[in-house]
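S.K.: Have a look at this one.
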């Protein structure tokens with residue numbers, strides 16, 4: 001499928017496994033499906049990609065920035081309560097002046113398992129590219145499993161880049177701070193959980209507030 005107009009698109013309304021974005025577009029995309037596996041960005045295309053993977057299965061996504069000045073922003077949320085989520089997020093840059101920013105937040109429930117590969121690949125001879133990869137892994141209970149392997153395949157010297165990974169539980173220190181302000185423990189925990197989720201979907205609120213509210217509601221109800 002080829003997208004030729006700017007706007008908001010939902011993966012649930014598309015049946016193709018591969019999507020190409022024409023030149024000079026500004027596109028927002030929400031994905032909670034398995035079937036779309038590849039996104040190809042052409043010249044001056046700007047893609048804001050939001051995803052929520054909370055149903056057991058394998059979610060593999062390949063983003064190819066194939067022409068100059070393509071820009072990609074990925075905001076990905078994963079939650080495994082008593083199931084297994086497997087995902088590979090590959091961002092490949094093969095053109096000059098391309099930019100890529102990937103931010104992933106993963107929640108593991110008491111019997112949940114998340115198996116995640118975050119991969120950035122930068123091809124040879126390209127210039128003035130930027131990429132950023134950030135992963136936040138949160139354990140909501142004492143048990144649960146999260147495995148994350150960041151892979152950086154950088155074949156160009158003209159790169160501005162960074163990557164980071166955090167693995168933590170809901171912070172007792174932060175909970176104590178909120179409780180010292182008179183907030184009940186359950187409410188304080190909910191506030192902290194919501195703050196992580198909003199990191200991923202906050203920009204979606206300005207694009208489509210109704211979709212934002214639906215996505216947040218679905219996630220919160222599942223965690224509750």
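S.K.: Would you confirm whether or not the range 140-147 contains a residue that is buried (at least 17 other Cβ atoms within 10 Å of the Cβ), touching a strand residue (DSSP E or B) at 6+ places or on another chain (Cβ under 8 Å) and closer than 26 Å to residue 202 by Cα? Talk me through it step by step, then tell me what you get.
M.R.: Within the range 140-147, the subset buried (at least 17 other Cβ atoms within 10 Å of the Cβ) is 140, 144, 146.
Checking which are touching a strand residue (DSSP E or B) at 6+ places or on another chain (Cβ under 8 Å) leaves us with 140, 144, 146.
Add one more test, that the residue is closer than 26 Å to residue 202 by Cα, and what stays is 140, 146.
Among the residues of the range 140-147, at least one is buried (at least 17 other Cβ atoms within 10 Å of the Cβ), touching a strand residue (DSSP E or B) at 6+ places or on another chain (Cβ under 8 Å) and closer than 26 Å to residue 202 by Cα, which makes the answer yes.
S.K.: Still on this structure, please answer the following. Determine whether the range 52-63 contains at least one residue that is touching a strand residue (DSSP E or B) at 6+ places or on another chain (Cβ under 7 Å) and within 17 Å of residue 123 (Cβ to Cβ).
M.R.: yes
S.K.: Select from the range 122-137 the residues that are surrounded by fewer than 19 Cβ atoms within 10 Å (Cβ to Cβ) and under 14 Å from residue 153 (Cβ atoms) and list them in ascending order.
M.R.: 123, 124
S.K.: While we're here: Can you pull out every residue in the range 3-42 that is out of contact with any strand residue (DSSP E or B) (no Cβ under 8 Å at 6 or more places or on another chain) and farther than 21 Å from residue 90 by Cβ?
M.R.: Within the range 3-42, 4, 5, 12, 13, 15, 23, 24 meet the criteria.
S.K.: Of all residues in the range 107-125, which are part of a loop (DSSP other than H, G, I, E, B) and over 25 Å from residue 68 (Cα atoms)?
M.R.: Applying the first criterion (part of a loop (DSSP other than H, G, I, E, B)) to the range 107-125 yields 109-112, 123-125.
Within the range 107-125, 109, 110, 111, 112 meet the criteria.
S.K.: Report the residue count in the range 67-116 for those that are out of contact with any helix residue (DSSP H, G or I) (no Cβ under 9 Å at 6 or more places or on another chain) and over 17 Å from residue 166 (Cα atoms). Outline the logic, then answer.
M.R.: The first filter runs over the range 67-116 and keeps only residues out of contact with any helix residue (DSSP H, G or I) (no Cβ under 9 Å at 6 or more places or on another chain), leaving 67-72, 74, 78, 80, 82-102, 106, 108, 110-116.
From the residues that got through so far, the ones that are over 17 Å from residue 166 (Cα atoms) too are 67-72, 74, 80, 82-100, 110-112.
Selection size over the range 67-116: 30.
Since every read-out is calculated from the coordinates, none of them should be taken as a lab result. What you see is a predicted model; the values in this text were computed from it and never measured. FYI the Cβ positions are ideal-geometry reconstructions off the backbone, even for glycines, and counts take in every protein chain you see.
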